[in-house]
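**Q** Here it is: the structure, laid out below.
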Amino acid sequence: LEDASDEILNGQTGISLTYYETQADADNGTNPITSPYTNIVNPQTIFVRATNDVTGCFVSTTATILLRVNPIPSPTAPMDLEECDDDNDGFASFDLEERTLEIIGGE
């Protein structure tokens with residue numbers, strides 16, 4: 001959740017952000033969610049309440065975060081890369097990109 005703070009605040013200081021599952025909770029300052037957070041649906045809208053640290057004034061209707069959780073990649077083990085050392089110097093060049101499509105398996 002905190003990853004969005006810099007974008008939301010856009011350089012402003014003296015403002016605290018709290019996150020909520022509903023607009024009503026954000027408006028009332030009740031039931032804040034904390035990190036780490038496990039989303040309920042995918043994608044999920046998270047509501048943000050911005051409170052001025054000095055005055056206590058707040059805004060809770062102008063910013064929402066669309067939380068989308070992408071699946072964990074499932075790479076496959078590629079075939080070995082083999083190369084002959086024609087000059088016996090212990091070095092060979094490999095093009096690792098040759099295995100990219102095999103590793104990502106269409107993901």
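**Q** For region 37-42, in order, what is each residue's ³J(HN,Hα) by Karplus, 6.51 cos²θ - 1.76 cosθ + 1.60 with θ = phi - 60°, in whole Hz (x at glycine and Pro)?
**A** Per-residue couplings from phi come out as 10, 9, 5, 8, 10, 9 Hz.
**Q** Turning to a different aspect of this structure: So for the pair Asp89, Glu102, with labels modelled 7 Å out along Cα→Cβ, what separation do we get in nm?
**A** 2.6 nm
**Q** Tell me, what ³J(HN,Hα) does each residue in region 11-24 have, in order and in whole Hz, if you take phi through Karplus 6.51 cos²θ - 1.76 cosθ + 1.60 with θ = phi - 60° and put x for Gly and Pro?
**A** x, 5, 10, x, 10, 9, 10, 10, 10, 9, 7, 10, 5, 4
**Q** Can you give the translational diffusion coefficient of the chain in µm²/s, computed by Stokes-Einstein from the Kirkwood radius over Cα pairs at 25 °C and 0.890 mPa s?
**A** Numbers: Rh = 18.0 Å.
Stokes-Einstein gives a translational diffusion coefficient of 136 µm²/s.
**Q** Still on this structure: Is the shape of region 1-51 rounded, prolate or oblate, going by the alpha carbon gyration tensor and its root eigenvalues a ≥ b ≥ c, with a/c under 1.5 for rounded and a/b larger than b/c for prolate?
**A** Details: a/c = 2.10, a/b = 1.34, b/c = 1.56.
Here region 1-51 falls in the oblate category.
**Q** Which percent of the accessible area of the chain is formed by carbon and sulfur heavy atoms (probe 1.4 angstrom)? The partial results should precede the final answer.
**A** Details: 4310 of 8140 Å².
The computed percentage sits at 53.
**Q** Could you report the chain's accessible area per residue, 1.4 Å probe, as an integer in Å²? Walk me through the intermediate numbers first.
**A** On the way: 8140 Å² over 107 residues.
With all protein chains present, the chain gives 76 Å² per residue.
The values are calculated or read from the model by the stated rules, or taken from the named source; none is laboratory data. Being a predicted model, the structure only gives us computed values, none of them experimental. FYI the Cβ positions are ideal-geometry reconstructions off the backbone, even for glycines, and counts take in every protein chain you see. When the accessible area is computed, the model is the full protein with side chains, heavy atoms only, and any ligands, DNA or RNA have been set aside. Shrake-Rupley method; radii C 1.70, N 1.55, O 1.52, S 1.80 Å.
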